[in-house]
1. For Val219, which of the numbered conditions (1) crowded, with 22+ Cβ neighbours inside 10 Å; (2) free of Cβ contacts under 8 Å to residues at least 40 places away in the same chain; (3) closer than 30 Å to Lys76 by Cα fails to hold?
2. Identify the single condition in (1) within 16 Å of the ligand (Cβ to nearest atom); (2) touching a residue at least 40 places away in the same chain (Cβ under 8 Å); (3) among the aliphatic types (A, V, I, L, M) that Leu385 does not satisfy, given that it satisfies every other one.
3. Pull up segment 245-281, narrow it to residues that are of a type in the set (Phe, Trp, Tyr) and closer than 30 Å to Asp58 by Cα, then point me to the one that is surrounded by the most Cβ atoms within 10 Å (Cβ to Cβ).
4. Can you tell me which of (1) crowded, with 24+ Cβ neighbours inside 10 Å; (2) not in a strand (DSSP E or B) is the one Glu175 doesn't meet?
5. Filter segment 457-494 down to residues that are crowded, with 16+ Cβ neighbours inside 10 Å and of a type in the set (S, T, N, Q), then give me how many there are.
6. Can you say whether Ile560 is modelled with pLDDT of 95 or more, crowded, with 17+ Cβ neighbours inside 10 Å, touching a Gly at 6+ places or on another chain (Cβ under 7 Å) and of a type in the set (Val, Ile, Thr), as far as the supplied structure shows?
7. Only one of Glu91, Glu103 is touching an Asp or Glu at 6+ places or on another chain (Cβ under 8 Å) and at pLDDT 95 or above; which?
8. Output yes when any residue across segment 304-320 is over 26 Å from Lys274 (Cβ atoms) and within 17 Å of the chain's Cα centre (by Cα), and no when none is.
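The values are calculated or read from the model by the stated rules, or taken from the named source; none is laboratory data. Model, not experiment: these values are computed from the prediction. Reconstructed Cβ throughout: ideal geometry from the backbone, glycine too, with neighbour counts over all protein chains shown.
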Amino acid sequence: MKRDTTVLLDEKRIFKPDVETVERAHVKNWENEIEKGKNFEAYWEEKAEELEWFEKWDKVLDETNKPFYQWYVNGKINLTYNAVDRWIYTEKRNQVAILYINERGDEEKLTYYELYRQVNKMANGLKNLGVNKGDTVSMYLPMCPELLISMLACAKIGAVHSVVYSGLSVGAFVERMNDANAKILITADGTYRRGKIINLKKISDEALLQCPTIETVIVLKHTGSEINVSDLSGREIFYDRFLEGEPAECEPEWMDAEDPLFILYTSGSTGKPKGVLHTTGGYMVGVATTLKNIFDIQKDDLWWCTGDIGWITGHSYVIYGPLLLGTTTIVYEGAPDYPDPGAWWKIIEKHGVTKFYTAPTAIRHLMRFGNKYPNIYNLSSLRILGTVGEPINPEAWMWFYKNVGKEKTPIMDTWWQTETGMHLISPLPSAHLKPGSATKPFPGVDADVVDEDGNPVPLGKGGYLVIKKPWPAMFRTLYEDEERFQQVYWNQIPGVYKAGDMARKDEDGYFWIQGRSDDVLKIAGHRVGTAEVESAFVSHPAVAEAAVIGKSDPIKGQVIKAFLILKEGYQLKTKLIEELNKHVRYELGPVAVIGEMEQVEKLPKTRSGKIMRRLLRAKESGEDLGDTSTLEE
Ligand code: WT7
């Protein structure tokens with residue numbers, strides 16, 4: 001965002017943790033831990049030993065076939081066994097694993113033992129359907145316990161899950177389902193959002209008309225809308241019926257550390273979303289280690305990550321990280337400001353949340369209502385706060401620090417990506433913090449800022465953010481697209497992973513992330529590909545050509561600015577604007593927030609016909625157009 005870059009450049013404040021935070025922490029000295037992590041294979045070996053393996057690995061890391069790295073070679077493990085089963089033989093058996101809360105105030109608690117039984121029933125049901133190790137199961141579900149149960153059931157039997165975010169709509173859904181070749185979909189009647197019910201079944205019915213591989217649809221009655229058995233087609237079955245009579249015991253599948261765990265789609269520079277593939281062993285080690293140390297998870301914690309399970313944040317830090325550590329995780333279905341802007345603070349007080357992890361966009365949104373709401377509630381249970389998804393501007397950081405953390409709780413600004421699976425750049429509670437900086441690479445992670453040829457840039461100067469050594473939770477490929485995997489991430493700058501972000505390092509070695517270096521927007525922390533939005537526009541009969549760029553927005557960070565060439569006879573007037581808004585929303589979902597549309601006669605293109613979004617961005621912000629030698633005319 002524009003206003004931030006200038007503020008960030010002279011952000012000099014430093015915040016030190018209080019004694020109590022440091023004394024309690026698993027890691028009491030940040031710098032020492034970073035030193036320790038430099039012996040990086042030994043570091044990641046020690047961390048892997050905190051999980052229960054059926055068979056130990058022969059080798060921590062195999063680098064023979066770069067960039068197809070392998071971690072914990074020949075190790076055998078099961079995620080669900082580690083996240084659920086092993087706790088039922090301990091004092092955690094009757095501890096709450098999942099605390100589900102929704103915006104209507106409904107609550108549901110599942111203990112580890114109850115979760116264990118539900119997961120096993122689901123696992124057996126899926127097996128009876130013929131789901132085998134390696135098969136893909138798709139989910140389009142609200143934030144509710146059944147989504148976690150379904151994912152854990154897949155992991156238990158070795159099926160690969162592919163979750164489609166419930167805020168994506170028909171077009172985006174079809175694209176993702178077909179790429180993953182799923183045979184089974186688990187969905188629900190609806191989800192609660194700001195006092196309304198979004199009819200997920202209707203969206204999925206429409207999408208499935210274009211998804212030929214789906215053979216079975218399991219339908220959860222969640223909002224209790226009026227769907228009857230007689231409304232279901234031959235391939236549909238209610239979730240409850242599906243589990244009826246299934247035994248509550250199921251042996252975990254022995255998974256190889258490198259067996260696929262899930263596919264999760266994310267946007268890239270082209271119209272086709274990327275199926276990011278994560279495998280089992282390294283992912284488990286990465287998420288458990290980062291959550292444990294960055295948020296200092298202890299026995300008496302109540303953990304709340306507000307991210308949606310439909311994104312990587314939810315996969316890694318609503319479900320897998322917390323359950324692997326045997327803590328209680330809150331699953332919240334609803335908006336931050338409904339029924340009023342105190343909704344989240346009320347939950348923190350009522351349940352005594354100790355660790356709270358959210359997004360800068362949510363903070364900026366809640367900030368608008370002033371400090372009245374956080375002051376109504378007692379937030380003294382909080383010990384550590386965190387943010388993720390985009391750079392946090394120092395004003396939002398300070399507001400969060402003062403009004404929510406009461407100047408006592410450190411803020412963990414965590415930089416990572418769908419591809420990285422785990423936090424890569426983040427402070428630990430014992431770190432000195434600078435508002436707006438994600439500070440330094442996590443111990444055992446090697447990141448840098450370089451130029452196009454891979455040479456480190458001088459301190460203070462901007463460059464490409466790269467990761468120089470493999471890390472356990474790294475994605476292993478793009479689903480059925482090894483070429484794109486190599487081309488987009490590994491072949492651009494020799495020998496390193498190119499993250500797609502610009503960054504700079506300051507004189508203390510702190511990283512300041514500046515935003516994406518590719519044609520990907522960050523709208524309310526969600527990744528939206530410009531090409532995807534353009535193709536949604538062009539699929540409307542009035543639009544001949546479209547070019548999309550990001551426009552800064554004080555709350556969402558960025559929104560869409562679209563330049564449109566309309567077909568003959570069309571004018572961009574109120575009615576068409578409304579229609580286009582609706583159309584793009586139908587194709588992509590509410591994540592694609594359009595800030596502005598502008599009708600144009602021409603778009604700047606290279607001689608080979610590629611749209612030069614860079615020029616549109618420069619023009620929009622009134623900056624110098626730079627090098628225009630490749631421009632068509
Ligand atoms: C992109 C990844 C990883 C969970 C949610 C987003 C941006 C993420 C930060 C941060 C500055 C951040 C980057 C990154 N980003 N966290 N703390 N500071 N930027 O996952 O959708 O894969 O997006 O989000 O641009 O590349 P994602």
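1. Failing condition for Val219: (3).
2. Looking at each condition in turn, Leu385 falls short on (2).
3. If we take residues in segment 245-281 being of a type in the set (Phe, Trp, Tyr) and closer than 30 Å to Asp58 by Cα, then Phe262 is surrounded by the most Cβ atoms within 10 Å (Cβ to Cβ).
4. In the conditions (1) crowded, with 24+ Cβ neighbours inside 10 Å; (2) not in a strand (DSSP E or B), Glu175 misses (1) alone.
5. The total comes to 3.
6. Answer is yes for this residue.
7. Glu103
8. yes
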